[in-house]
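Structure, as structure tokens:
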Amino acid sequence: MAPRIDHIDSWIFDLDNTLYPPSAKLFDLIDERMGAFIMRLLDVDAVEARRVQKQYFHDHGTTMAGLMRHHGVDPEDFLVDVHDIALDRIAPDTRLRAGLERLPGRKLIFTNADADYAARVLEARGIADLFDGICDIRITQYMPKPDPAAYAAMIAHLGVDPANSLFVEDMARNLTPAKLLGMTTVWLDNGSESGHRDHLPDHVDFHATDIADWLDDLPQPWGIS
């Protein structure tokens, strides 16, 4: 049986590769800028920069967290640099918007990116006006998902009750802390790089491959379990 969702009053969404598809390859542009940043910082070639980038991502949750820990990088310098990308690879999605509009309660963002970039992405997707709050990497004091401290900061900042919250993520490992807090979880298994990493089936309430499809398939009307 599918978990009940009639009690949900806070719908929390990851941003990158969740509210737009990985096929847009928007994150490839960020990847390129991360690689160039590391090449300049460490004076290494592109191959070594990519090795460092991905190693830090796997070990620390984000590349930035690894650079901060091991090289004392200023997080603001990093955030401004790597998110300075064009967003013409993504466009408004009327079906996604309609699905989000049907959700009762608040729609919220929980992202390892910064709020300025998140706002730009939401605007490019034509859904910025539907969201009531953003918890970004600054709010979490630069502690990224899946660090439990990031979730505590998110809950405090957005004022959500985990028991009445649902969290949608493309990275399976980021669902585990949410589930342990009592949230309903949705794994958006859509082909994101390392999306399957540390996947624990018991921590996934809903398994989806397309966000608009999943929203369309939610039971209606609300209040019927």
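With respect to residue 52, is the statement that it is touching a helix residue (DSSP H, G or I) at 6+ places or on another chain (Cβ under 6 Å) and either in contact (Cβ under 8 Å) with a residue 40 or more places away in the chain or not in a strand (DSSP E or B) (or both) true? So residue 52 passes the test. Taking the criterion of being more than 12 Å from residue 171 (Cα to Cα) and modelled with pLDDT under 95, the residues of region 183-202 that qualify are 201, 202. Scanning region 1-24 for residues that are of a type outside the set (A, V, I, L, M, F, W, C) and within 15 Å of the chain's Cα centre (by Cα) turns up 14, 16, 17, 18, 20, 21, 22.
Filter region 70-97 down to the residues that are in a helix (DSSP H, G or I), more than 16 Å from residue 29 (Cβ to Cβ) and touching a residue at least 12 places away in the same chain (Cβ under 8 Å) and list them by number. Steps first, please.
Narrowing region 70-97 to residues in a helix (DSSP H, G or I): 70-71, 75-82, 94-97.
The next check asks that each one be more than 16 Å from residue 29 (Cβ to Cβ); those that pass are 70-71, 75-77, 94-97.
Of everything in region 70-97, those that are in a helix (DSSP H, G or I), more than 16 Å from residue 29 (Cβ to Cβ) and touching a residue at least 12 places away in the same chain (Cβ under 8 Å) turn out to be 70, 71, 75, 94, 95, 96, 97.
Taken over region 132-168, residues that are part of a helix (DSSP H, G or I), out of contact with any Pro (no Cβ under 8 Å at 6 or more places or on another chain) and open to solvent by less than 20 Å² (accessible area, probe 1.4 Å) amount to 2. For beta carbons closer than 6 Å, sequence separation of 6+ or different chains, a first residue in region 1-22 that is farther than 19 Å from residue 94 by Cβ and a second that is in a strand (DSSP E or B) and among the aromatic types (Phe, Trp, Tyr), the qualifying pairs are 12/110; 12/167. Selection of region 169-186 for residues being part of a strand (DSSP E or B) and in contact with a Leu (Cβ under 6 Å, 6 or more places away or on another chain) yields 169, 184, 185.
The values are calculated or read from the model by the stated rules, or taken from the named source; none is laboratory data. None of the values given here were measured: they were computed from a predicted structure. In this analysis, Cβ positions are derived from the backbone assuming ideal geometry, glycine residues included, and neighbour counts consider all displayed protein chains. Just so you know, the surface numbers come from the protein's heavy atoms only, side chains and all, with ligands and any DNA or RNA stripped out. Shrake-Rupley method; radii C 1.70, N 1.55, O 1.52, S 1.80 Å.
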